[in-house]
1. Using Cβ counts within 10 Å as a stand-in for footprinting exposure, how do 81, 356 rank, fewest first?
2. Would you mind putting 127-133, 298-304, 243-249, 181-187 in packing order, based on average other-beta-carbon counts within 10 Å, highest first?
3. Calculate, in nm to one decimal, what residue 182 and residue 197 gain on full extension: separation in residues at 0.36 nm each, minus their alpha carbon distance.
4. When the chain is fully extended, how far beyond the present Cα-Cα distance does residue 264 get from residue 109, taking 0.36 nm per residue of separation?
5. May I ask you to compute the full-extension gain from residue 313 to residue 149, defined as 0.36 nm times their residue separation minus their alpha-carbon distance, rounded to one decimal in nm?
6. Each label point is 7 Å from the Cα along the Cα-to-Cβ direction; what then is the distance between the points at residue 254 and residue 240, in nm?
7. Please compute the modelled spin-label separation between residue 89 and residue 361, points set 7 Å along Cα→Cβ, answer in nm with one decimal.
């Protein structure tokens, strides 16, 4: 967890601030003005340009704890929303530096968004910037923490799940050899062997996908995502499956909602929820996809009229390999990883996913994401231009 980059960054800011302050003081002296009055009027010259070029997180705070400038990295990490720091832990450190005047360096574990369990790990350096402002620099250490977790989970996933289809493939291969003189038996075993190999390939791909979600940061290169487009993609991907099951797909709700993140990952998450809803829905029923945009929260609800989930299982449905009905999961080809992929994809975006269900009356899975703020949109727009 190398924080050496903060030293040259802080030095660069010091040079800029020093040069700006000296020039302002000199101009003030020539005009007969008091230096402190002039220095206090604006962010020192050059700071805006440095923050715009900074790949990591940098934020300038005024005496009222308003964010007057934030780098694109600070926006992507979710540290700033509507011209304010999101996390009270950062605000507390800023207040301490303003009170004592002493710079602070500390590692923090912060929530990814306003709800959900996802965490970001930062090494922050906070110091005064001129006479009025506070500078916050942050290095994202989340990737190193995630890599450690992925190494542990990948081994556990492989040992837990892959041994079943691998064992089945071995047994079926032996059965084929012993039944070589019986064409009908050979066909039957070959068909089962093909099915198990497909299952093995699917599980392997989903384990890789889940590991990738845990190992990468969806918001490292955040983009403005149109939720209407995400819904349209998920519906299009599941149209053939819905027709095969005689299930009608219906969408509606608030149009024009936008969030920050990775459109592909969000489409994968919603695709998995819609696919699950179709698989567990009786024929001639409907699966609804509704969007709500209220109070800074974007919700995407997927509702089915299927068999429902027992209350005692609802807290476990997002666990890896958990199946409420193992027999049915095997028949539908389910690996038990789909909802876990949904959970991690949404948590990577600072959101969460919830389930409501009543056996015999269907289920509703609801994705909640922070709405993209206009201030953040302006910052990222400046970055891409």
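A short reminder: the numbers here are calculations on the coordinates, not readings from a lab. This is a predicted model, so every value here is computed, not measured. Cβ atoms come from the backbone with ideal geometry, glycine included; neighbour counts cover every protein chain shown.
1. Details: 81 20, 356 14.
In order of increasing Cβ crowding within 10 Å: 356, 81.
2. 298-304, 127-133, 243-249, 181-187
3. Residue separation times 0.36 nm, minus the Cα-Cα distance, leaves 3.2 nm.
4. My answer for the length gained is 53.1 nm.
5. Working: separation 164, 0.36 × 164 = 59.04 nm, distance 2.53 nm.
Between residue 313 and residue 149, full extension yields an extra 56.5 nm.
6. About 3.5 nm separates the two model spin labels.
7. Spacing of the two 7 Å Cα→Cβ label points: 4.0 nm.
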